[in-house]
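Novice: Sharing a structure below in structure tokens format, with a few things to ask.
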Amino acid sequence: MNYEELYGSLQNLEKELKDKQSAAQKQYKNAVKNTEAGDIKSLSKNLEMLAALLSEQKNIVEDLKRDVEGFDAKHYFESGDFAGQLLEICGEKGIDVQGEYPSYEMFPYKVKIDAENQDVYVDKKRIPCVRPAELAKQIKFGQDKLNKASFNAQSFLNELAEAYDLLTVKGKKAPSADLYLTDLYKLMVPMARSRKEYDIQSFAFDLARLYASEIKTTKDGRFYQFGPSRKSSKVVRILDSEGKELFLSTIRFYED
């Protein structure tokens with residue numbers, strides 16, 4: 001199955017419906033004009049044509065309903081056709097996709113396909129979309145919008161350093177110890193309510209932009225260095241400026 005086939009059919013019928021509506025609107029205006037003028041003969045013709053056009057519109061609507069109801073959306077999702085076509089279109093648009101059905105990461109978004117209800121969740125937000133091309137378009141638009149948004153790498157780095165210093169003191173760590181980025185995130189965004197607005201994926205996106213920036217030191221002159229970890233739960237996946245995936249786990253601030 002392919003939604004694009006249904007889409008093409010619906011587009012043709014919708015265009016035909018629009019044309020009939022325009023013609024019906026014209027006859028309606030003529031009828032009003034002839035009613036005011038008292039031209040009963042022309043009015044009678046207007047009403048005849050209007051009735052015919054309304055009947056044709058009804059038939060087109062029935063055709064639309066038949067095509068829509070004939071599309072088995074549940075099978076489309078459960079068969080894997082929807083997911084397969086989504087991944088194909090993402091590839092064409094240059095959208096990096098990681099993961100396996102039904103959960104994917106399209107950095108910085110988390111995408112989950114709910115085949116049972118024919119829904120898609122993007123960062124836990126339900127998207128009622130049965131058209132893979134449109135979903136991919138929305139994701140690409142969101143990625144481009146995020147990339148174009150203003151970002152102060154220096155301010156973000158300074159905020160990271162402040163959280164790092166606080167966690168160093170609280171955890172009685174050495175001044176240049178490697179600390180987990182996920183722990184810094186929890187410290188920077190302590191409220192659960194705030195994490196809905198600025199989730200870990202948003203944090204990862206800002207890390208990626210910091211990584212791609214030319215900012216090397218904090219406002220107090222300290223350098224920073226990212227590091228790896230064997231704990232998968234502590235890994236933050238990012239994409240560099242060339243689209244290459246990197247796995248960051250820790251960060252440390254130090255003086256040269």
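The values are calculated or read from the model by the stated rules, or taken from the named source; none is laboratory data. Because the structure is predicted, anything quoted here is derived from the model rather than measured. Here Cβ is always computed from backbone atoms with ideal geometry, including for glycine, and neighbour counts include all displayed protein chains. Side chains included, ligands, DNA and RNA excluded: accessible areas come from the protein's heavy atoms. Shrake-Rupley method; radii C 1.70, N 1.55, O 1.52, S 1.80 Å.
Novice: Along region 233-242, what does the Karplus equation 6.51 cos²θ - 1.76 cosθ + 1.60 (θ = phi - 60°) give for ³J(HN,Hα), rounded to whole Hz, x for Gly and Pro?
Specialist: Listing the rounded values in order: 5, 9, 8, 10, 8, 9, 10, 7, 4, 9 Hz.
Novice: Using a basic spin-label model with each label point 7 Å from the Cα along Cα→Cβ, how many nm lie between K173 and I127?
Specialist: 3.5
Novice: Let me ask something else. Report the normalised scattering of region 1-108 as log10 I(q)/I(0) at q = 0.10, 0.15, 0.17, 0.22 Å⁻¹, calculated by the Debye formula with identical scatterers on the alpha carbons.
Specialist: Log10 of I(q)/I(0), two decimals: -0.53, -0.76, -0.86, -1.08.
Novice: Name the trypsin sites (Lys or Arg not before Pro) in region 146-199 that are in a loop by DSSP and that have at most 15 other C-beta atoms within 10 Å, would you?
Specialist: Here the trypsin sites (Lys or Arg not before Pro) that fit, given the DSSP loop and packing criteria, are K172, K173.
Novice: Right, another one. In the chain, what percent of the accessible surface is made up of carbon and sulfur (1.4 Å probe, ligands and nucleic acids excluded)?
Specialist: On the way: 7960 of 15930 Å².
Looking at the chain in its full context, I get 50 percent from C and S.
Novice: Of the listed values [x] 0.95; [y] 1.03; [z] 1.24, identify the label whose number matches Rg/Rh (Cα atoms, Kirkwood Rh) calculated from this model.
Specialist: [z]
Novice: Return one whole number: the accessible area per residue of the chain in Å², for a 1.4 Å probe.
Specialist: On the way: 15930 Å² over 256 residues.
Heavy-atom SASA per residue in the chain reads 62 Å².
Novice: OK, next. What is the extension gain from K15 to L246, computed as 0.36 nm multiplied by their sequence separation minus the C-alpha to C-alpha distance, in nm to one decimal?
Specialist: Extending this stretch completely gives an extra 78.4 nm.
Novice: How many angstrom lie between the Cα centre of region 32-73 and the Cα centre of region 100-115?
Specialist: What the calculation gives is 45 Å, centre to centre.
Novice: Beyond 21 Å between alpha-carbons counts as too far, so tell me which of K110/K137; K110/K145; K124/K186; K58/K137; K186/K234; K112/K196 fall in that bin.
Specialist: Violating the 21 Å Cα-Cα cut-off are K58/K137.
Novice: Is it possible to state the helix-based mean residue ellipticity at 222 nm for the chain, with each DSSP H run of 4+ residues giving -39500 (n - 2.57), the sum divided by total residues, to the nearest 500 deg cm²/dmol? What is it?
Specialist: Values: 9 runs with 147 residues, N = 256.
It lands at -19000 deg cm²/dmol.
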